[in-house]
1. Among the residues of segment 100-108, is any over 18 Å from the mean Cα position of the chain (by Cα) and not in a loop (DSSP other than H, G, I, E, B)?
2. Pick from segment 233-256 the residues that are crowded, with 18+ Cβ neighbours inside 10 Å and more than 19 Å from Asn343 (Cβ to Cβ): which of them is modelled with the lowest pLDDT?
3. Quickly run through segment 191-230 and pick out the residues that are surrounded by fewer than 16 Cβ atoms within 10 Å (Cβ to Cβ) and within 18 Å of Leu159 (Cβ to Cβ).
4. Could you count how many residues in segment 117-152 are under 20 Å from the mean Cα position of the chain (by Cα) and within 25 Å of Val189 (Cα to Cα)?
5. Can you tell me how many residues in segment 213-248 are part of a helix (DSSP H, G or I), farther than 24 Å from Lys188 by Cβ and touching a residue at least 40 places away in the same chain (Cβ under 8 Å)?
6. So, of the residues in segment 121-154 that are free of Cβ contacts under 8 Å to residues at least 24 places away in the same chain and in contact with a strand residue (DSSP E or B) (Cβ under 9 Å, 6 or more places away or on another chain), which turns out to be surrounded by the fewest Cβ atoms within 10 Å (Cβ to Cβ)?
7. Identify the residue in segment 73-87 that is of a type outside the set (Phe, Trp, Tyr) and assigned to a loop (DSSP other than H, G, I, E, B) and, among all such residues, is farthest from Val134 (Cα to Cα).
8. Within segment 154-202, how many residues turn out to be closer than 19 Å to Ile214 by Cβ, of a type outside the set (S, T, N, Q) and in a strand (DSSP E or B)?
Amino acid sequence: MKEKTSKVTDSLIMGEVASEKELSIRNNEDITDAEIIEDDDKFWAEENHPNFIESNTSAISLEELTTKNIIPTFSDNTLTISHQNFINAVSKVAEQVFGGLTPVECRVSHPIIGRIPSAQHKKASELREDEKTVFYQRLAWVAHVKNLTRTINNQTVHLCIGGVRSYSEDKLYRTQTAMKFKIFVGWKVRVCSNLCLTCDGFSGTIECMTEADIMQKALELFSGFNPHKEETLRLLENLRNTEISEELFCKIIGRLRLYQFLPVNEQRTLPSLEIGDQAVNAMVKGYVSNPNFGKKEGEILTCWNLLQLANEAVKGSYIDTWLDRNQNCTDFALGIQKAIEGNDTEGYSWFLH
């Protein structure tokens, strides 16, 4: 499968600057202006709202991450940048660019469990809590911008920022090297916490030696995205205006399955796709049973529904692949829309045949 590298640009979508004609089409009078809605304090305190990622992750508070987890080092005992310091560095920049943030939501996976030296001879069942040590190899986190909440396609969306980090990429067995992080900013659908992530809001993998490096990369990303955030929202909202019949949905699903088994040289002639078989199965299940975006009597499926079904399907990805697949879902839905409208220049028409 062809890999796709995302870069920070001043683009609106797909790494290209939209033409005046394209923006005019997407800003036509059929699209309802995004509305600012009142911040619902209950939402931020609600414990049972949907997770932004699922898979094998578990929730953890920023306080627990700070006080109860050890910070790993490189082989020369040089300290790594901790998860909490990564979060704090990006959050500071986000507040400068966008304004106040809600409390951070963290999801972690792949715990590395240890024990203090004095407990080395104890059985695992005999260990006290204060004798155990742990750090989580992988982290994903998000925070919402309080004053940037909108309504599109009858759904509440929030501008959110966040990041992903995996110690498995940092080669801790060697002396200190640049550490790898991913940062993003994008719109998130409230009803299911699906992230609509475009490449102008995703840093890809950045390599940093210090927290100052992280803050600089975050500033570049957020400053580039900020002037285009409303235009990006309109591009997403316009997905509602392109209908998908059940027959066409079935064709798209069939092509998604076929794509997985094409020879590599043939895949390279088509748009990059990171939606695997399990995600395709989840999309089909969602089409039948998803209460928010699935098939409903008397309602028409649109490219907006297709995007949300795909986003919901990739929430089961591991932390280190989740962001790339989320962005790929947005690229795919926008590409399918262009193909249906006869404006395809990137090969998405193949999925409609």
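1. No, the conditions are met nowhere in segment 100-108.
2. Top of the filtered list is Leu233.
3. Passing the criteria: Val191, Glu220, Ser223, Asn226, Pro227, Glu230.
4. The total comes to 14.
5. Filtering segment 213-248 down to residues part of a helix (DSSP H, G or I) leaves 213-241, 246-248.
Then drop every residue that is not farther than 24 Å from Lys188 by Cβ, which leaves 213, 216, 246-248.
Filter once more, keeping what is touching a residue at least 40 places away in the same chain (Cβ under 8 Å): 246, 248.
Residues flagged as part of a helix (DSSP H, G or I), farther than 24 Å from Lys188 by Cβ and touching a residue at least 40 places away in the same chain (Cβ under 8 Å) within segment 213-248 amount to 2.
6. So the first thing to find is which residues in segment 121-154 are free of Cβ contacts under 8 Å to residues at least 24 places away in the same chain, and the list is 121-132, 154.
Those left that are additionally in contact with a strand residue (DSSP E or B) (Cβ under 9 Å, 6 or more places away or on another chain): 122, 124, 127, 131-132.
On the way: Lys122: 12, Ala124: 9, Leu127: 14, Glu131: 15, Lys132: 14.
Going through the qualifying residues, I end up with Ala124.
7. Looking only at segment 73-87, we keep the residues that are of a type outside the set (Phe, Trp, Tyr), and these are 73, 75-85, 87.
Those left that are additionally assigned to a loop (DSSP other than H, G, I, E, B): 75-78, 80-82.
Working: Ser75: 18, Asp76: 20, Asn77: 17, Thr78: 18, Thr80: 15, Ile81: 16, Ser82: 13 Å.
Restricting to residues being of a type outside the set (Phe, Trp, Tyr) and assigned to a loop (DSSP other than H, G, I, E, B), the top hit is Asp76.
8. Residues that pass the stated criteria total 15.
The values are calculated or read from the model by the stated rules, or taken from the named source; none is laboratory data. All of these numbers come straight from a predicted model, not from anything done at the bench. All Cβ positions, glycine included, derive from the backbone under ideal geometry; neighbour counts span all protein chains shown.
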